[in-house]
Amino acid sequence: MRLFPAASAIALLAGSPLAAQSAISSGDKAKSLEAIHSEALIEQAKSGYADAPVEERTVQTRHSAAVDGRVLPYTATAGTLTIRDVAGKPKASIFYTAYTLEGAPSPSRPVMFFYNGGPGSASLWLRMGSFGPIRLQTGNPETIRPAPFNVGANPDTLLGATDMVFIDAPGTGFSRPLGDAKGSDFYGVDQDADAFARAIIRYITKFDRWGSPKFLFGESYGTTRSGALAYQLEDRGVALNGVVLLSSIMNYARRSPGLDRDYVNYLPSYAATAWYHHKMINPPATVEQAIAEARAFAQGPYVAALEKGQTISPEERDAIARQMSGLTGLSSDFIERANLRVDLSRFRKELLRDRRQTVGRFDSRYTGIDSDAAGDSPDYDASDTAITGAFIGTFSGYVMHDLGYQTNMPYRASASEEEGFKWDWSHKPPEARQPLTSPDTALDLATAMRINPYLKVLSLNGWYDMATPFFGTEYDLNHMMLEPPQQRNLEFRYYPSGHMVYLNPEALHAMRLDVARFVREAVGEVRTAGPATPHKRP
């Protein structure tokens, strides 16, 4: 913003005798020159604000993608959706990018809605890394080089199976509150789910997609959102065909101090990481075998030992520590000093301490180097810093040049950039009498699956994801207490990658095939047969 010196402001005011006389006669006599100057600058700044539009924007361009030997022409749309309250008052402008196949009958073609998590994260990670037609090319678990970035056509786009809509949460990307609405109106579990429900309903209304098979695809906290959102959409008359959960965290309550469940949840991930970095004492041939051994130990002797707390005998503690050491690569002495409870930060620092390296949180295949090797937690997450600059830089150029979306607004990778950002973690599940202080949206998802017997859920997991360990995901989803017919609507898939499974090209390809099959089967079942009938208990 260019600032005028005080003398210039005075000259501007004095440039017109009538204007100056009018200003003085209207009560400005009591104001100092400094106050007049300050007000002039404020008004000048206001006129230069880059605000989100109330009127919806739609910018469309046409392209083509090559998938499995087929050329798929598609329309890319970058635009905004205005969500309103029940009285019709605009509350927020929601930015999205959509990719729709040309020549396909839109009312009956599947459409999938994508979003990242955070909470408070924009969706550029899924946009530029997963199933969009253009992708940042990634490979080995190492830092991506600075610009120029390797960006190109994505042979594993999902356009062959479904149209795609990537949505930025309020306060992220180009999405902003409107009018007198504030960011805090949307920064909470239930508030956020409500905003997404309104945005999706607005999209399917605007583009005549009510008759399309509809899917949700959330990553990380986006899976927490998906649980609440699936129920909110069902409750508002939007029947979903499927929900895809990538790198899930559904129940935050199990992280509460004093509970041992997360130590159990992490142990198979520790074993996978130790196997990858050649730290297991007697490593099996495959990571799957290492994980199978860790699963058996975690849900058997380990959980039984933790349940005993301080009453565990010295002999049992020593035996458990030795078994943990063989699986995790940590010394039994270190494990015993941690009371058999090694938290994630300590594991990430300790595993490769002899190499003066740390392992990543989002993806434990990545390694980092701290300023010293003596601390108890890493200085940073190498799997985060390795990719951030490339993703942000790639999307910034893509949205302007390829999609033709021009705006003076800054793109927020995270709503946490906003001063005073604070998330409301309280959540009221269906039929609950009181809100939960820590959310468990698996309860919402379970209710949606009972209401809609056709609703299918696909859980996608990375072996090396240390942010949302796969064993914890299994625990959350397997405690939805579904009846056998609904249990058959839940499936799990696993890949040799981390939190952002798509960073591994081979894993991305396998995941694309899994999701495409999931879409075909979910749509095909609705078209050809009814849902399974409930079992009768003896």
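The values are calculated or read from the model by the stated rules, or taken from the named source; none is laboratory data. A quick note: this is a predicted structure, and the numbers were derived from the prediction, not measured. Backbone-built Cβ (ideal geometry, glycine too); neighbour counts: all protein chains shown.
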Q | Options Asp168, Asp180; residue that is under 17 Å from the mean Cα position of the chain (by Cα) and either aromatic (Phe, Trp, Tyr) or closer than 30 Å to Lys428 by Cβ (or both) | A | Asp168
Q) Does the stretch 413-430 include one or more residues that are aromatic (Phe, Trp, Tyr) and within 25 Å of Ala516 (Cα to Cα)? A) no
(Q) Take the conditions more than 23 Å from Phe186 (Cβ to Cβ) and modelled with pLDDT of 95 or more and apply them to Val59. Does it pass? (A) yes
(Q) Just to check your reading of the model, which residue among Asp363, Asp333, Asp384 is under 31 Å from the mean Cα position of the chain (by Cα) and not in a loop (DSSP other than H, G, I, E, B)? (A) Asp384
(Q) Can you pull out every residue in the stretch 423-435 that is farther than 28 Å from Pro485 by Cα and at pLDDT below 95? (A) Gln434, Pro435
Q | Positions within the stretch 345-360 being of a type outside the set (A, V, I, L, M), surrounded by 15 or more Cβ atoms within 10 Å (Cβ to Cβ) and in a loop (DSSP other than H, G, I, E, B), in sequence order | A | Gln357, Gly360
Q: Hey, can you tell me all the residues within the stretch 383-398 that are crowded, with 20+ Cβ neighbours inside 10 Å and free of Cβ contacts under 8 Å to residues at least 40 places away in the same chain?
A: none
**Q.** Single unsatisfied condition, Ser497 versus (1) under 23 Å from Ser121 (Cβ atoms); (2) modelled with pLDDT under 95; (3) of a type in the set (S, T, N, Q)
**A.** (2)
Q) Say we look at the stretch 414-423 and pick out the residues that are crowded, with 16+ Cβ neighbours inside 10 Å and out of contact with any helix residue (DSSP H, G or I) (no Cβ under 6 Å at 6 or more places or on another chain); which of these is nearest to Gln137 (Cα to Cα)? A) Ser414
Q: Report whether or not Asp156 is outside any helix (DSSP H, G or I), touching a residue at least 24 places away in the same chain (Cβ under 8 Å) and either over 16 Å from the mean Cα position of the chain (by Cα) or farther than 24 Å from Lys428 by Cα (or both).
A: yes
Q | Some residue of the stretch 451-466 being under 20 Å from the mean Cα position of the chain (by Cα), farther than 26 Å from Gly120 by Cβ, of a type in the set (A, V, I, L, M, F, W, C) and not assigned by TED's automatic domain parsing to the domain that holds Arg346 | A | yes
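Conditions (1) acidic (Asp, Glu); (2) assigned by TED's automatic domain parsing to the domain that holds Val86; (3) surrounded by fewer than 24 Cβ atoms within 10 Å (Cβ to Cβ), marked per residue:
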| site | (1), (2), (3) |
| --- | --- |
| Val189 | no, yes, no |
| Tyr203 | no, yes, yes |
| Phe207 | no, yes, yes |
| Trp210 | no, yes, yes |
| Ser220 | no, yes, no |
| Ser226 | no, yes, no |
| Glu234 | yes, yes, yes |
| Gly242 | no, yes, no |
| Ser248 | no, yes, no |
Q.
Any residue in the stretch 171-189 that is under 14 Å from Ala199 (Cα atoms) and of a type in the set (Lys, Arg) sitting within a Cβ distance under 8 Å of a residue that is assigned to a strand (DSSP E or B) and at pLDDT 95 or above? List the pairs, counting only those 6 or more apart or interchain.
A. Arg176/Ala92; Arg176/Ser93
Q: Among what's in the stretch 243-272 and is in contact with a strand residue (DSSP E or B) (Cβ under 6 Å, 6 or more places away or on another chain) and among the β-branched types (Val, Ile, Thr), pick the residue that is nearest to Phe347 (Cα to Cα).
A: Val244
Q: From (1) touching a residue at least 40 places away in the same chain (Cβ under 8 Å); (2) surrounded by 15 or more Cβ atoms within 10 Å (Cβ to Cβ), pick out the condition that doesn't hold for Gly404.
A: (2)
**Q.** Scan of the stretch 275-318 for residues that are farther than 20 Å from Arg337 by Cβ and among the charged types (D, E, K, R), ordered by number
**A.** Glu288, Glu293, Arg295, Glu307
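Condition check ((1) at pLDDT 95 or above; (2) part of a strand (DSSP E or B); (3) closer than 11 Å to Tyr115 by Cβ; (4) touching a Phe, Trp or Tyr at 6+ places or on another chain (Cβ under 9 Å)) across all residues:
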{"residue": "Met164", "(1), (2), (3), (4)": "yes, yes, no, yes"}
{"residue": "Asp190", "(1), (2), (3), (4)": "yes, no, no, no"}
{"residue": "Ala197", "(1), (2), (3), (4)": "yes, no, no, no"}
{"residue": "Ile200", "(1), (2), (3), (4)": "yes, no, yes, yes"}
{"residue": "Phe215", "(1), (2), (3), (4)": "yes, yes, no, yes"}
{"residue": "Glu219", "(1), (2), (3), (4)": "yes, yes, yes, yes"}
{"residue": "Leu229", "(1), (2), (3), (4)": "yes, no, yes, yes"}
{"residue": "Glu234", "(1), (2), (3), (4)": "yes, no, no, no"}
Q.
Condition first: under 20 Å from Leu233 (Cα atoms), at pLDDT 95 or above and over 23 Å from the mean Cα position of the chain (by Cα). Can you find one or more residues in the stretch 65-81 that meet it?
A. no
Q | Lone unmet requirement of (1) within 26 Å of Thr172 (Cα to Cα); (2) modelled with pLDDT of 80 or more; (3) of a type in the set (Val, Ile, Thr) for Ile42 | A | (2)
Q: Identify the single condition in (1) exposed (fewer than 15 other Cβ atoms within 10 Å of the Cβ); (2) outside any loop (DSSP other than H, G, I, E, B); (3) of a type outside the set (Lys, Arg) that Tyr302 does not satisfy, given that it satisfies every other one.
A: (1)
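Within the stretch 287-299, does at least one residue satisfy the condition of being touching a strand residue (DSSP E or B) at 6+ places or on another chain (Cβ under 9 Å) and within 21 Å of Asp262 (Cα to Cα)? Before you say what the answer is, go through the steps one by one.
Restricting attention to the stretch 287-299, the residues satisfying the condition of being touching a strand residue (DSSP E or B) at 6+ places or on another chain (Cβ under 9 Å) are 288, 291.
After this cut, where a residue has to be within 21 Å of Asp262 (Cα to Cα) as well, the list is 288, 291.
There is at least one residue in the stretch 287-299 that is touching a strand residue (DSSP E or B) at 6+ places or on another chain (Cβ under 9 Å) and within 21 Å of Asp262 (Cα to Cα).
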Q: Give me the pairs, please: first residue somewhere in the stretch 352-373 and not assigned by TED's automatic domain parsing to the domain that holds Tyr464, second residue anywhere and modelled with pLDDT under 95 and assigned to a strand (DSSP E or B), beta-carbon distance under 6 Å, and either six or more positions apart or on two chains.
A: none
Q. Taking the condition within 20 Å of the chain's Cα centre (by Cα) and of a type in the set (Val, Ile, Thr), does Val151 pass?
A. no
Q) Cβ-Cβ below 8 Å, separation at least six or inter-chain, first residue in the stretch 272-295 and assigned to a loop (DSSP other than H, G, I, E, B), second charged (D, E, K, R): which pairs? A) Pro284/Glu293
